[in-house]
Amino acid sequence: MEESALEPYKPSLDWGHELIPSLLWILKAWAIAAVLTMIVLVLMARITSWGRQYWRVTGSYFTGRSAVRVWIWLGVLLLSVIVSVRLDVLFTYFGNDLYTAMQVAFEATGANEPVIRGDAIRGFWTALGIFGILATIYISQVMLDIYLTQRFIIRWRTWLTNRLTGDWLDDRAYYRGRFTDTNTDNPDQRIQYDIDIFTTGTGGTPNTPTVGTGAVLIFGAISSVVTIVAFIPILWDLSFDVTIFGLTLPKALFWVAFVYVFLATVVAFWIGRPLIGLSFRNELTNAAFRYALVRLRDTAEAIGFYRGENTERGLLRTRFDNIISNYRSYVRRTLGFTGWNLAMSQAITPLPLIVQAPNLFSGKMDFGDVTQSASAFSSISDSLSFFRNAYDQFAAYRAAIIRLDGLCEANRLAREMPSLDTEHCTDGTLELRGVEVRTPSGSQLVDPLDLRLEPGDTMVVTGRSGSGKTTLLRSLAQMWPYTTGTVRRPLDDHQTMFLCQTPYVPLGDLRTVVSYPAAAGAIPDAELQSVLHKVALPHLVTRLNEEEDWAKVLSPGEQQRIAFARILLTKPRVALLDEATSALDEGLEFVVYDLVRTELPRTILVSVSHRPTVNQYHDIHLELLGDGAWRLNRNRGSEPAPV
């Protein structure tokens, strides 16, 4: 019997024994990728400016004993990436088997070879069965990958938000940052929005519930490198020599992939380089415009009284024009970048078929080999193109890193600015030793001041506008950096209270507003209601549970009476008030000062005021005369006050 010239179907892999080799490949690739990734990340953190910025922002999350869990989690995510790459490789072998089985079945039918045809058909259905198994594993891997990635992002974002919020609040950096030269805009957006972008790591977009490791830039980069390594042997084995114009190129398809993508990437980086600055400015201008809109909303009453709508419209238009001017440049550069990438991606699509077609037509390759080589070529070219295609995402992510690092740097500089030396006292006194206050330019506001107030003493601070009355209080609160000297006062929680002219009204129900700075619920409602009656706010007694924008609901006079209610509730040993009755008439002013003096007779009371009616409630008078000079007297009689 004549032997058939037709090659029988043979699967590309021994699928029955593939589990163990694939698991070993995954473990080996995971170990190598983990070591190399760590080396690269350490080098980036030491060498590149953005790597150092990144580490300053979040480095402490990855160090210390608590970071062990973080690294384990990252290791699991990296394992998910490696599993995904291995599945991609196995899918190409499945495709090879499927199409080769179909080709052999067709050829066996034409050659009237029923045995070979039967084997090929069984191979076809076996390949589909293998596909079902691989697809099930793939779906499970993707779902688990998304879940684990989301858990990691949420945990990281929570930590970083707490870290930067605390960093912003510590040592009053949120206030003192205005005195630095960093000009850090919109810290609220940086904490809320940029942290979301930073911890998601997909580029310039915040997190969504579908983000997995495949969308994260660092894991995308790792996946690309591992994919290249995984598919190189496949593409190398399936590449043949190609002769063009008498010149033979060995392993043509393999080298075409690398040379083509290298040239395309160099040009893409040149086109996309300005995107980093444009993305940063896009965030900056939008934040400035949003801030102007919020400020317009918050000061609507004053603008309405001034009839300043036309001026505000012009200011808003100027800020919006800045957005559009930058965005036009952003769009033009992005179009050039995207157009180049699309052109390169489309041009490379038919290349593997063009190169391999002669080998298929000459019988050197099966159709399954062609499809697998095309898949390997596509995987390698896509992976090599990852950094080119994702350059705009890296640019947007770099802008978020710059903004968060800028906030950290501004907070650091704010904390390093000088402040008044403060000592704790237990006897309830307030003592100033050599307290000197200056303007940012160095002009003298208050010459060295020495005084001591005993429990129950009251002092009013007066002087013309600009003489430094409010600035003196800011210095005592350690908020003003241009000051020297020492203040000795009670430092226990809220034992020293500072009240500004416009009381702070927190978000929440009225209970939260009245209780501040104590937590809502820390003071019994009966005590809150009693104090509201005392400060002439009986109409608010039944509204403790109501949530409103109380800063807009309450009049300035009501807000100032609530500030006095807080003094009565907190019972500080020292209270320093800045124009705290400016919105009250003389009758209400008498009521609130009399309340404090009657119910808190041992509290030291210091008031800054322009109103002469306030003087009568204080025993000591500190008058700032301008250019640093001051005078200290008793309000009753001519006897000088103790210094």
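The values are calculated or read from the model by the stated rules, or taken from the named source; none is laboratory data. The structure displayed is predicted, hence computed values, not measured ones. Note that each Cβ is placed from the backbone with ideal geometry, even for glycine, and that neighbours are counted across all protein chains shown. To get the accessible areas, we keep the full protein, side chains included, count just its heavy atoms, and leave off ligands, DNA and RNA. Shrake-Rupley method; radii C 1.70, N 1.55, O 1.52, S 1.80 Å.
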| query | Sorted by average packing, counted as other Cβ atoms within 10 angstrom per residue and highest first, what order do 22-29, 397-404 take? | reply | 397-404, 22-29
| note | With bins of 5 Å, the percent of all Cα-Cα pairs of segment 448-535 per bin from 0 is 2, 9, 16, 20, 18, 14, 12, 7, 2, 0
| remark: Rg (one decimal) and Dmax (whole number) from the Cα set of the chain, in Å, equal 36.4, 136
| said: I want to check a number: in the chain, how many lysine pairs have alpha carbons closer than 28 Å, given a sequence separation of 8 or more or different chains? | reply: 9
| said: Once you place label points 7 Å from the Cα toward the Cβ at Trp270 and Phe320, how far apart are they in nm? | reply: 3.9
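For a protection proxy built on the mean count of beta-carbon atoms within 10 angstrom, sort 467-476, 189-198, 582-591, 102-111 highest first, please. Walk me through the intermediate numbers first.
On the way: 467-476: 23.0, 189-198: 20.3, 582-591: 15.6, 102-111: 17.3.
Per-residue Cβ counts within 10 Å, averaged per peptide and sorted highest first, yield 467-476, 189-198, 102-111, 582-591.
May I ask you to compute the full-extension gain from Ala31 to Leu144, defined as 0.36 nm times their residue separation minus their alpha-carbon distance, rounded to one decimal in nm? Please list the in-between numbers first.
Numbers: separation 113, 0.36 × 113 = 40.68 nm, distance 2.08 nm.
That pair, Ala31 and Leu144, stretches by 38.6 nm at full extension.
Counting only DSSP beta bridges with both residues in the chain, tell me the antiparallel percent, nearest 5. Display every interim value, and only then the final one.
Working: 22 of 45 bridges.
So the antiparallel bridges amount to about 50 percent of the total.
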| request: Report the semi-axes of the equivalent ellipsoid for segment 325-384 in whole Å, largest first, where each axis is √(5λ) for an eigenvalue λ of the Cα gyration tensor. | output: 37, 10, 5
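Is the C-alpha gyration tensor of segment 500-575 telling us rounded, prolate or oblate? Criteria: a/c under 1.5 is rounded; beyond that, a/b larger than b/c is prolate, otherwise oblate. Can you show the working numbers first?
Numbers: a/c = 1.28, a/b = 1.10, b/c = 1.17.
Cα axes put segment 500-575 in the rounded bin.
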| remark: Within the under-13-Å Cβ sphere about Ala565, not counting Ala565, Lys/Arg +1 and Asp/Glu -1 give a net charge of +2
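Which percent of the Cα-Cα distances in segment 524-643 go past 17 Å? Walk me through the numbers on the way to the answer.
Numbers: 4377 of 7140 pairs.
Value for segment 524-643: 61 percent of Cα pairs lie more than 17 Å apart.
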| request: Restricting things to alpha carbons, tell me how big segment 1-132 is in terms of Rg and Dmax, in Å. | output: 24.0, 79
| Cut-off 18 Å, label 7 Å out along Cα→Cβ of Arg415, residues of segment 456-492 by amide N | 478-481
| query | Distance in nm between label sites at Arg313 and Ser555, each 7 Å beyond Cα in the beta-carbon direction? | reply | 3.3
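Looking at the chain, do any whole DSSP H helices span at least 24 angstrom along their long axis by alpha carbon and average 1.6 or above on Kyte-Doolittle, and which?
Values: long enough: 19-47 (41 Å, 2.11); 67-110 (65 Å, 1.16); 114-169 (81 Å, 0.51); 217-237 (30 Å, 2.06); 252-272 (29 Å, 2.25); 275-298 (34 Å, 0.15); 309-348 (56 Å, -0.52); 367-384 (25 Å, 0.29); 391-416 (37 Å, -0.21).
Helix filter hits for the chain: 19-47, 217-237, 252-272.
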| note | In the neighbourhood of Arg273 defined by beta carbon distances under 13 Å, the net charge of the other residues (Lys, Arg +1; Asp, Glu -1) is +2
| task | Give me the accessible area per residue for segment 194-283, probe 1.4 Å, as a whole number in Å². | result | 46
| field | Summed side-chain charge close to Tyr397 - residues other than Tyr397 whose Cβ falls under 13 Å, Lys, Arg +1, Asp, Glu -1 | value | -3
| Give or take rounding to whole Å, what are the principal axis extents of the alpha carbon atoms in segment 327-470, in descending order? | 105, 39, 22
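What ranking do 215-228, 419-432 get when scored by the average of other Cβ atoms within 10 Å per residue, highest first?
Details: 215-228: 20.4, 419-432: 15.9.
Packing proxy ranking, top to bottom: 215-228, 419-432.
How much length is gained on full extension from Ala518 to Thr182, taking 0.36 nm per residue of separation minus their Cα-Cα distance?
Answer, rounded to one decimal: 117.6 nm.
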| query | Please state the relative contact order of segment 34-124 as a whole percent: Cα pairs under 8 Å, 6+ residues apart? | reply | 17
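In square nanometres and to one decimal, what's the mean projected area of the convex hull around the Cα atoms of segment 117-260?
On the way: hull surface 64.2 nm².
Here the figure is 16.0 nm², rounded to one decimal.
Kindly give Rg over Rh for segment 90-187, based on alpha-carbon atoms, with the Kirkwood expression for the hydrodynamic radius. Walk me through the intermediate numbers first.
Working: Rg = 30.0 Å, Rh = 18.9 Å.
Radius of gyration relative to Kirkwood radius: 1.58.
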